[in-house]
Amino acid sequence: MPKNSKNQPKRQKSKIKAKRQIQPERVDLLSRKSYWIMLAAFMAVFGIVFGYSVHVSTPAIGILVASVLSLIGLACYLKFKPSALPKNQRATFIFLGAVSLGFGIWVAVVLALNAAGFSQQIKNDIGLYFFAITSLIICLAAGGLIGDLIGKNKDEIRLSLHNVKNKLFRLND
């Protein structure tokens with residue numbers, strides 16, 4: 001009896017290993033670049049076809065497709081570009097970049113277009129609310145991307161800012 005009891009756990013371990021080997025590896029659709037390319041192409045074609053079918057102006061279709069593609073591009077970038085930062089720090093840099101830099105870029109673009117006198121043309125061609133929302137989405141995605149790049153290179157940025165500060169103080173002496 002003792003021999004059988006010793007052999008029994010070994011048999012169970014070999015059965016567990018056999019089950020692990022038999023099961024196929026799980027396919028993750030989001031980890032394929034072809035998925036992201038097809039998603040972007042489908043959304044671009046769908047946006048263009050839908051826009052023309054409901055008689056939306058060409059500039060409005062362009063900015064709508066650009067806003068959707070900017071979000072898909074940001075998601076694809078975050079999926080395929082690894083970071084040495086922990087996920088919570090990376091998310092913090094992306095959030096801060098989107099909120100501060102992205103919103104700042106958006107405000108600068110809107111003020112520049114308004115100062116150049118394009119607000120009436122935007123109102124007639126696209127609509128102010130539609131332009132405001134879609135351009136804000138694009139700028140927030142760009143700010144999130146910049147925030148992630150800052151997070152990845154924060155040590156180099158800190159070092160270069162330290163060197164600039166030292167050079168400025170040497171000039172003042």
Checklist entry - Does Phe130 satisfy the condition of being touching a Cys at 6+ places or on another chain (Cβ under 9 Å), part of a helix (DSSP H, G or I) and under 30 Å from Val56 (Cα atoms)? => result no
Next on the checklist: modelled with pLDDT under 95, assigned to a helix (DSSP H, G or I) and within 16 Å of the chain's Cα centre (by Cα): is that true of Asn88 in this structure?
Outcome noted: yes
Checklist entry - How about the range 143-156: which of its residues are at pLDDT 85 or above, exposed (fewer than 15 other Cβ atoms within 10 Å of the Cβ) and assigned to a helix (DSSP H, G or I)? => result Lys154, Glu156
Next on the checklist: Could you go through the range 78-96 and let me know if any residue there is farther than 25 Å from Ala40 by Cβ, surrounded by 14 or more Cβ atoms within 10 Å (Cβ to Cβ), of a type in the set (A, V, I, L, M) and out of contact with any Cys (no Cβ under 7 Å at 6 or more places or on another chain).
Outcome noted: yes
Item to check | Ala108 being surrounded by fewer than 16 Cβ atoms within 10 Å (Cβ to Cβ), in a helix (DSSP H, G or I) and over 21 Å from the mean Cα position of the chain (by Cα) | outcome: yes
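The values are calculated or read from the model by the stated rules, or taken from the named source; none is laboratory data. Just so it is clear, the model here is predicted, and its values are computed rather than measured. Every residue, glycine among them, receives a Cβ derived from its backbone with ideal geometry; neighbour counts consider all protein chains shown.
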